[in-house]
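Notes follow once the structure below has been shown.
Throughout, read-outs are computed from the coordinates displayed, never taken from laboratory work. Since the structure is predicted, the reported quantities are computational estimates derived from the model, not experimental observations. Don't worry about glycine lacking a Cβ; one is built from the backbone with ideal geometry, like all the others, and counts go over all protein chains shown.
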Amino acid sequence: MEKNEEGPKSDPIASKRLLLFLLIVFGLAWSLFALFIFATDWVVGTFGELSGSHPLFILAVYAPAIAALLLIGFTAGRSGIGRFLSRLFLWRASPWWYSFLLLGFPAISFAGAALKGNAMTAPMFTESVAALLPLIGFMAVLGPVEEIGWRGFALPILQRRLVPFWAGLVLGVIWAVWHLPAFILSGTPQAAWGFMPFFAGSIACSVILTPLFNDARGSILLAMLFHFQMNNPLWPDAQPYDMYVYVAAAVVIVWLNRRSLFSNAGAVTEVIPAPAASRSGSGGRYRQ
């Protein structure tokens, strides 16, 4: 497939929109975190202490999705948003990837916890179902929503110019750096973690997710499931060791998927899928 910096003809989202997307994502999220630094008393008095469930923290987490939907709505209107969100219903992928989604994440988390020496402290062993269900529900609508922007919008554009491996790696760097303010503010989940292991782990996870994303023909749904499994509250706290295991897993997965990762032939490059009536002529980038 020839690289196309402006994107497929059926897709109204030009590649130059990526810069504006990133400006909105970083501007919104980092501005909200700046409020906690420069207007601490007002923020705490109005919204409460900073935590993973703080409304401004949630708004910051949603910044990639907000940016993507704003740009798509401005460029292609409601019909464009509808076609974009149709990617939430793409679910077909190799059974191998489903095995990884369902079994690979607990294996990585427990391997990291074993290295840390706390595998048996996993909430799935120590907490009641009644306590876990609300937390699972909350985590399902927190971090995974980021994927509407990261994999839904940014990755297809990056794959117009880069082979999937480099696109996934570049996006992983951006994704990790975007989280940086959460590491310097007390009260966030990341405050107790080291940034460099997280940085390496984020890049590894982004690279792992890229061949899954392309195999599923741009599925936002499976990208969100991937993100949820990274943060699944059932798993033990394995930081930072699970990040090292993710890096090792990424090396193996890159080797196994080296043909697709270093070729643009199967890369998804459409942000907004072609209308259903014309998909048969779009090179098979999307299917349901």
Zero-based 5 Å bins, Cα pair distances in segment 74-178, whole percents: 2, 9, 11, 16, 21, 17, 11, 7, 4, 2, 0
DSSP H segments from the chain that extend 24 Å or more along their own axis, Cα-based, with Kyte-Doolittle mean of -1.0 or above: 17-38, 195-215
Overall Cα dimensions of segment 104-255, principal axis frame, Å, largest first: 47, 32, 28
Mean Cα-pair separation over length for the chain, i.e. relative contact order, pairs under 8 Å, 6 or more apart, %: 30 percent
Value at 222 nm in deg cm²/dmol, rounded to 500, when DSSP H runs of n ≥ 4 in the chain each add -39,500 (n - 2.57): -18000 deg cm²/dmol
Taking the C-alpha atoms of segment 4-98, convex hull volume expressed per residue in Å³: 157 Å³
Charge dipole (debye, nearest 20) of the chain; +1 at Cβ of Lys and Arg, -1 at Cβ of Asp and Glu: 1140 debye
Within segment 210-250, backbone nitrogen closer than 20 Å to the virtual label 7 Å beyond the Cα of Tyr98 toward Cβ: 210-230
Cα pair count fraction exceeding 27 Å, expressed as % - the chain: 40 percent
Mean Cβ count within 10 Å, highest first, over the residues of peptides 105-117, 34-46, 208-220, 177-189: 208-220, 105-117, 177-189, 34-46
Longest DSSP-loop-exposure-free segment, GluC sites (Glu not before Pro), the chain, at most 15 other Cβ within 10 Å: 128-288
Cα-centre dipole for segment 22-171 with unit charges at Cβ (Lys and Arg positive, Asp and Glu negative), debye to 20: 740 debye
Chain lengthening between Val252 and Trp42 when straightened (0.36 nm per residue, less Cα-Cα): 70.8 nm
